[in-house]
1. Run the numbers on the stretch 2-94 and let me know its relative contact order in percent, using alpha-carbon pairs under 8 Å that are six or more apart.
2. In the stretch 21-78, how does Rg compare with the Kirkwood Rh, expressed as the Rg/Rh ratio over alpha carbon atoms?
3. Just how large is the dipole of the chain about the Cα centre, in debye to the nearest 20, putting +1 at every Lys and Arg Cβ and -1 at every Asp and Glu Cβ?
4. I'd like the chymotrypsin sites (Phe, Trp or Tyr not before Pro) in the stretch 15-69 restricted to DSSP loop residues with at most 13 other Cβ atoms within 10 Å, sorted by number.
5. Could you calculate the contour length gain from Arg93 to Glu47, that is, 0.36 nm times the residue separation minus the distance between their Cα atoms, to one decimal place in nm?
6. Using the Cβ atoms and a cut-off under 12 Å, what net charge is assigned to the surroundings of Ala61, where Lys and Arg are +1 and Asp and Glu are -1?
7. Tell me what the chain gives for mean residue ellipticity at 222 nm when only DSSP H runs of n ≥ 4 count, each as -39,500 (n - 2.57), the sum divided by the residue total, rounded to 500 deg cm²/dmol.
8. Expressed as a whole number of Å, what is the distance separating the alpha-carbon centroids of the stretch 1-68 and the stretch 71-94?
Amino acid sequence: MTVWETVSEPPQGDNRLADAKAALGDRICLLGNLDQVDFLKRATPSESPRDREIVQVGKPAGRFIFSTSDYLEKSTPRENVVAMIEAAKEAGRY
């Protein structure tokens, strides 16, 4: 296995990115972690610092692909998707 998809925290998932990064992050790539149901669909663009926090946890030593934990839900506000992308671009620079 070269990539673990999807790293997804509660309430949708059953694992934590920080734990997965500590246990596997130097051997395989971790993919996902932004909750597209309870967060991205319902949050406001001003809540995008949470996106930055996720990137900061996954970023050290690479081997992390920031993405939603699955597909974008119908009716996800475009503004939230744009804010997520901008936050990831800003926080993801090495």
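The values are calculated or read from the model by the stated rules, or taken from the named source; none is laboratory data. Remember, it's a predicted structure, so these values are computed and weren't measured experimentally. So basically every Cβ, Gly included, is an ideal-geometry build from the backbone, and we count neighbours across all protein chains shown. Areas reflect the complete protein model, heavy atoms only, side chains present, ligands, DNA and RNA absent. Shrake-Rupley method; radii C 1.70, N 1.55, O 1.52, S 1.80 Å.
1. Numbers: 143 pairs, mean separation 29.9, N = 93.
Across the stretch 2-94, relative contact order equals 32 percent.
2. Numbers: Rg = 12.5 Å, Rh = 12.2 Å.
Ratio of gyration radius to Kirkwood radius for the stretch 21-78: 1.02.
3. Numbers: 13 positive and 15 negative charges, 55 e Å.
With Lys and Arg at +1 and Asp and Glu at -1, about 260 debye.
4. On the way: sites: Phe39, Phe64, Phe66; in loops: Phe39, Phe66.
Of the chymotrypsin sites (Phe, Trp or Tyr not before Pro), not one in the loops of the stretch 15-69 has a Cβ with at most 13 other Cβ atoms within 10 Å.
5. Working: separation 46, 0.36 × 46 = 16.56 nm, distance 1.99 nm.
Gain on stretching Arg93 to Glu47: 14.6 nm.
6. Working: positive: Lys21, Arg27, Lys59, Arg63; negative: Asp26.
Cβ neighbours under 12 Å give a net charge of +3.
7. Numbers: 3 runs with 32 residues, N = 94.
It comes out at -10000 deg cm²/dmol, rounded to the nearest 500.
8. The stretch 71-94 and the stretch 1-68 have Cα centres separated by 13 Å.
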